[in-house]
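These notes concern the structure reproduced below.
The values are calculated or read from the model by the stated rules, or taken from the named source; none is laboratory data. Keep in mind that this is a model prediction, so the values were computed, not measured. A quick note on method: Cβ atoms are made from the backbone with ideal geometry, for glycine too, and the neighbour counts reach across all protein chains shown.
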Amino acid sequence: MTTMAPPLTFLLLLLRLAHSSFPEEPGPLSYAPLEVVRRYPVFVGRAHHSSQRQELHIQTVLQVNRTLYIGARDDLYRVELDNMSGDEMFYSKKRTWESNKNDIRVCRMKGKHEEECRNFIKVVLSQHEGLFVCGTNAFNPLCANYTRDSLEMVGETVSGMARCPYDPRHANVALFAEGSLFTGTVTDFLAIDAVIYRSLGDSPALRTVKHDSKWFREPFFVSAVEWGPHVYFFFREMAMEFHHLEKVMVSRVARVCKGDMGGSQRVLEKQWTSFLKARLNCSVPGDSHFYFNLLHATSAILNMNGRDVILGLFSTPPNSIPGSAVCVFDMQQLARVFEGRFKEQKSPESIWTPVPDELVPKPRPGGCAVQGSPFSSSKSLPDEVLNFVKTHPLMDETIPLVGHRPWVVKTMGRYQLTAMVVDTEAGPHRNHTVLFLGSTRGTVLKFLILPSGEKSPTHSSVFLEEVEGFNPEKCGEDSVQARQLLFLSLDRPSHTLLLAFTSCLVRLPTARCHLHSRCMKSCLTSRDPYCGWTRGSTCSFLRPGTRLPFQQDSIEYGNFSHLGDCDGAIQQSLLIEPESLVSLNLLVASAVSAFTIGAALSGLAVCWIMAHKPGNRRHGNNTPQSTIQRQERGMLTSGGGMGGSVLSVTRQGGGDRPCSQGGETLFVMPNGWGKSGELDPGFLPTPEHTPQQKRRGLRLSDSGSGGWDNSQTYLGGSTMGLASPCPLPCPPHPSTAVYLTTRLFQGGGGGRHGGEERGRGGETPRQHYVCLSKPRGEKGRSGTPKSALRKSAGEYVYPMTPQDSPDRRRVVSAPSAPMEFGEPLPLRWPPQEGYILSSQCMVPVPPSSMPTIKGQQYVAQHHTPGPGRSQLRGALGRGELGELVDLSQLLSKKSSNERTHNGQ
């Protein structure tokens with residue numbers, strides 16, 4: 001438990017930091033189940049149940065009293081809102097307006113598809129007890145007047161240029177003001193020339209300056225409203241003032257005077273003289289404001305707290321952090337911005353700066369002409385004023401939002417909010433404001449707007465509900481494009497919402513009070529101003545002005561602590577966000593938990609494996625093979641502290657095997673392979689159990705320093721310790737020998753045989769010797785000496801190098817733990833204990849053949865001490881021992897710690 005405490009503490013700390021660093025937006029207080037939404041009425045283009053369903057391709061919807069006029073592809077529908085039968089709405093009248101064959105042929109010749117060369121109804125406006133309708137007409141726009149009741153065409157068609165877009169995918173706005181049609185759209189086939197256009201009235205037709213990026217640059221028109229003497233157009237476009245930041249999309253509002261008559265014949269003839277535009281500022285305040293730059297929808301001009309305001313729905317760009325916000329703008333403040341300073345760019349390379357007031361001509365450019373003034377008409381304005389307004393349409397100040405903060409902010413969602421409608425008279429007392437927002441996923445979000453105070457302009461919001469508006473069972477194909485919400489409207493008499501998609505129109509009630517009918521607390525905690533707990537112990541929809549007694553406590557402040565729990569009731573107040581991203585707190589907690597638990601489990605697993613691994617080897621590998629391997633490894637490491645390399649040999653067979661006729665001899669060659677024909681495969685590890693390692697060897701340094709070198713040599717083992725006890729006949733070759741006693745390796749122990757002798761009666765441990773020798777002066781058949789020769793690369797070549805053979809087995813030298821050496825013991829030669837390891841074989845040597853030190857006699861029976869190291873070196877120096885090499889320095893304490901770069 002002590003080991004788990006720090007990770008748990010660390011986890012709790014990170015969770016606290018995550019909670020403080022990633023504040024989350026609250027989810028909806030309730031969520032309408034999909035099975036409830038599927039019962040709502042839907043219009044799919046049928047006149048009755050038995051008629052065939054139509055492909056609508058809805059483009060626009062106009063509501064006039066209790067009637068809907070739906071503009072679709074090639075058809076105009078008239079739908080009575082009261083004409084419903086069960087879960088479907090039917091049209092009462094339908095007018096088909098198709099493009100003629102010639103227009104379709106020309107459209108196809110221009111490279112358009114057959115589905116595009118149709119008549120998409122884009123404009124439906126109410127005018128003089130009739131309808132004004134415009135359609136794309138196969139990329140040749142046309143407009144016509146229709147009656148409301150019978151949808152009969154009145155008069156002739158007129159050109160739809162500058163009144164309706166060519167492409168059904170292009171946005172457009174239109175409204176009638178003072179008998180004239182004001183439109184915002186594009187005027188050409190390629191959608192290059194954007195325009196605000198006035199026509200069809202007593203006033204002359206006017207338009208914006210053509211192909212001037214200071215006036216328009218790729219605008220997307222959103223809405224148009226009439227307020228005072230002006231018509232205001234809301235749109236978004238590429239900002240010219242931020243040209244150094246490449247392409248930046250911003251939201252704008254432009255205005256024109258309804259009584260504008262155009263400029264003189266010299267300047268701005270048949271063009272607007274009152275066109276000005278300003279930027280809309282919808283942002284979250286801070287050290288660096290976070291902007292919502294893309295305008296998607298606006299409300300009508302509303303009167304709230306005695307002020308005319310307009311609400312705008314904004315979002316972030318698609319390549320930014322996803323988010324949407326609702327900002328409110330005061331129309332009085334908006335108008336004052338157009339009375340402020342202008343902004344200009346003195347040269348194409350300079351930045352935009354405010355124009356000093358003294359440089360602004362008189363009368364002020366962009367104003368409306370007033371009757372009785374010196375300039376009663378815009379045509380009489382001086383050329384200086386007209387030229388200034390032509391080159392300075394942009395205002396320097398931005399339009400501030402009410403309260404300096406958005407009313408609603410929704411971020412980290414998988415959708416954008418693109419449609420909006422406001423009910424400023426919600427609730428039984430008509431004293432609440434409810435905001436309905438439509439998303440690109442076909443859902444509707446309902447917010448309750450709460451004022452902060454009577455005189456405070458700031459407001460807060462409560463996320464009441466999220467409703468699934470798109471019905472895939474009735475609307476047809478369920479795709480991202482099909483779920484795009486095109487139109488959102490409020491039918492106040494029936495308290496329903498109208499949602500228009502390309503394939504259907506859905507009608508939703510503003511509230512679903514029946515979902516909370518079984519519990520008073522559930523009803524009141526929904527905080528829905530449309531719902532209340534009535535005397536019949538049920539949650540009911542409260543119509544405005546109702547006289548039924550009801551309870552609707554603390555909607556603004558949500559004080560429900562005095563209410564009891566809902567015993568056995570199904571509560572619908574679920575904090576569900578089906579279209580939102582996963583909670584950031586949940587993501588951080590999951591990541592930290594996975595890391596902490598994984599690290600703890602990994603540590604425990606490693607400890608368990610390390611604790612059980614030796615036990616498995618002891619209990620699971622109890623075989624003759626492993627026993628022999630441990631004995632042979634112990635003979636080299638059980639003695640007097642020899643460090644370095646240990647030769648690990650594995651015998652495949654079990655038990656002691658009898659000697660063959662030729663004996664058994666073990667050789668280790670320079671490349672680690674045994675000599676072909678002279679190795680017993682039983683002594684060697686199999687390839688699958690032996691890793692491939694780099695060739696290693698050792699030799700004495702030529703400088704006589706006693707250090708290790710990387711050159712190659714070969715090692716032999718005493719027949720008493722490493723090799724077989726069965727001698728082989730050795731041809732009598734004069735050789736240079738080096739004698740090493742096994743006592744230096746084993747501290748006097750006799751290895752395997754020494755252990756046996758100790759077990760036979762406690763005799764004095766016998767000493768064993770190793771003789772390393774090589775023939776002198778003998779040459780091979782080719783004349784090459786059999787002694788080692790150095791190649792140009794520094795590698796030695798030995799005459800005993802084996803030939804290629806598939807029967808070779810690799811012998812691996814594994815490093816053992818380094819240990820300190822004791823003082824080297826004097827060399828002694830007892831009888832019958834010396835062995836010569838030559839390039840051919842290994843045989844015991846009688847005392848007569850052993851070299852003796854000059855002036856001393858060798859007495860085998862009494863084991864007299866042999867010569868000391870100083871005496872042996874003296875003999876070596878005088879040449880009495882031939883080419884005998886002193887290796888004792890390799891066993892000294894100093895040289896035992898010296899290693900090559902390979903670690904030897």
Could you pull out the residue among Ala426, Ala419 that is buried (at least 21 other Cβ atoms within 10 Å of the Cβ) and over 29 Å from Met240 (Cα atoms)? Ala426
Take the conditions modelled with pLDDT of 95 or more, more than 22 Å from Lys122 (Cα to Cα) and among the β-branched types (Val, Ile, Thr) and apply them to Val222. Does it pass? no
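Given the structure, is Leu268 surrounded by 19 or more Cβ atoms within 10 Å (Cβ to Cβ), on the phi > 0 side of the Ramachandran plot and not aromatic (Phe, Trp, Tyr)? Walk me through it before giving the result.
Values: surrounded by 19 or more Cβ atoms within 10 Å (Cβ to Cβ): yes; on the phi > 0 side of the Ramachandran plot: yes; not aromatic (Phe, Trp, Tyr): yes.
Judged against the criteria, Leu268 is a match.
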Phe139 is checked against (1) farther than 23 Å from Glu269 by Cβ; (2) without any contact (Cβ under 8 Å) to a residue 60 or more places away in the chain; (3) out of contact with any helix residue (DSSP H, G or I) (no Cβ under 6 Å at 6 or more places or on another chain); (4) of a type in the set (A, V, I, L, M, F, W, C) and fails just one. What number does that condition carry? (3)
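Within segment 541-548, can one find any residue that is out of contact with any helix residue (DSSP H, G or I) (no Cβ under 6 Å at 6 or more places or on another chain), more than 30 Å from His404 (Cα to Cα), modelled with pLDDT of 85 or more and surrounded by fewer than 17 Cβ atoms within 10 Å (Cβ to Cβ)?
yes
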Is at least one residue of segment 526-534 in contact with a strand residue (DSSP E or B) (Cβ under 9 Å, 6 or more places away or on another chain), more than 30 Å from Tyr91 (Cβ to Cβ), of a type in the set (D, E, K, R) and touching a residue at least 24 places away in the same chain (Cβ under 8 Å)? yes
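Yes or no, residue by residue, for (1) among the β-branched types (Val, Ile, Thr); (2) surrounded by 13 or more Cβ atoms within 10 Å (Cβ to Cβ); (3) closer than 21 Å to Thr418 by Cβ:
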residue: Gly306; (1), (2), (3): no, no, no
residue: Leu311; (1), (2), (3): no, yes, yes
residue: Asn319; (1), (2), (3): no, no, yes
residue: Gln333; (1), (2), (3): no, yes, no
residue: Gly340; (1), (2), (3): no, yes, no
Can you find a residue in segment 144-154 that is surrounded by 23 or more Cβ atoms within 10 Å (Cβ to Cβ) and either in contact with a Phe, Trp or Tyr (Cβ under 8 Å, 6 or more places away or on another chain) or modelled with pLDDT of 95 or more (or both)? no
Would you pick out the residues in segment 71-86 that are over 17 Å from Leu490 (Cβ atoms), of a type outside the set (Asp, Glu) and part of a strand (DSSP E or B)? Gly71, Arg73, Leu76, Tyr77, Arg78, Asn83, Met84, Ser85
Residues (out of contact with any strand residue (DSSP E or B) (no Cβ under 7 Å at 6 or more places or on another chain), of a type outside the set (S, T, N, Q) and either without any contact (Cβ under 8 Å) to a residue 24 or more places away in the chain or surrounded by fewer than 15 Cβ atoms within 10 Å (Cβ to Cβ) (or both)) located in segment 195-226: Asp202, Pro204, Lys210, His211, Asp212
Residue under question is Arg483, and the condition is that it be buried (at least 20 other Cβ atoms within 10 Å of the Cβ) and closer than 23 Å to Arg39 by Cβ; does it hold? yes
Out of the residues in segment 58-87 that are within 17 Å of Ser150 (Cα to Cα) and basic (Lys, Arg), state the one that is surrounded by the fewest Cβ atoms within 10 Å (Cβ to Cβ). Arg66
In segment 347-371, how many residues are exposed (fewer than 15 other Cβ atoms within 10 Å of the Cβ) and small (Gly, Ala, Ser)? 2
Quickly run through segment 273-294 and pick out the residues that are under 28 Å from the mean Cα position of the chain (by Cα) and either part of a strand (DSSP E or B) or within 30 Å of Glu384 (Cβ to Cβ) (or both). Ser283, Val284, Phe290, Tyr291, Leu294
Within the group Leu401, Leu394, which residue is out of contact with any Leu (no Cβ under 6 Å at 6 or more places or on another chain), closer than 30 Å to Gln271 by Cβ and buried (at least 20 other Cβ atoms within 10 Å of the Cβ)? Leu394
Filter result (out of contact with any helix residue (DSSP H, G or I) (no Cβ under 8 Å at 6 or more places or on another chain), surrounded by 20 or more Cβ atoms within 10 Å (Cβ to Cβ) and either of a type in the set (A, V, I, L, M) or farther than 16 Å from Phe463 by Cβ (or both)) within segment 521-533: Leu524
For Gly45, the lone unmet condition from (1) within 45 Å of the chain's Cα centre (by Cα); (2) on the phi > 0 side of the Ramachandran plot; (3) surrounded by fewer than 19 Cβ atoms within 10 Å (Cβ to Cβ) is (3)
From the list Arg108, Arg169, Arg148, Arg73, pick out the single residue that is over 46 Å from the mean Cα position of the chain (by Cα) and among the charged types (D, E, K, R). Arg148
Restricting attention to segment 240-259, report how many residues are over 23 Å from Gly367 (Cβ atoms), out of contact with any Lys or Arg (no Cβ under 8 Å at 6 or more places or on another chain) and surrounded by 15 or more Cβ atoms within 10 Å (Cβ to Cβ). 2
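Answer yes or no as to whether Gly262 is on the phi > 0 side of the Ramachandran plot, in contact (Cβ under 8 Å) with a residue 60 or more places away in the chain and surrounded by 15 or more Cβ atoms within 10 Å (Cβ to Cβ).
Yes, satisfied.
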Within segment 275-287, the residues that are buried (at least 24 other Cβ atoms within 10 Å of the Cβ) and touching a helix residue (DSSP H, G or I) at 6+ places or on another chain (Cβ under 8 Å) are Phe275
Inspect all residues belonging to segment 416-430 and state whether any of them is touching a residue at least 12 places away in the same chain (Cβ under 8 Å) and in contact with a Cys (Cβ under 9 Å, 6 or more places away or on another chain). no
If I ask for residues that are over 17 Å from Ser439 (Cβ atoms), out of contact with any Cys (no Cβ under 6 Å at 6 or more places or on another chain) and either part of a strand (DSSP E or B) or touching a residue at least 60 places away in the same chain (Cβ under 8 Å) (or both), which ones from segment 318-342 would you list? Val328, Phe329, Asp330, Met331, Gln333, Leu334, Ala335, Val337, Phe338, Phe342
Which one of these is under 30 Å from Cys513 (Cβ atoms) and among the β-branched types (Val, Ile, Thr): Ile121, Ile70? Ile70
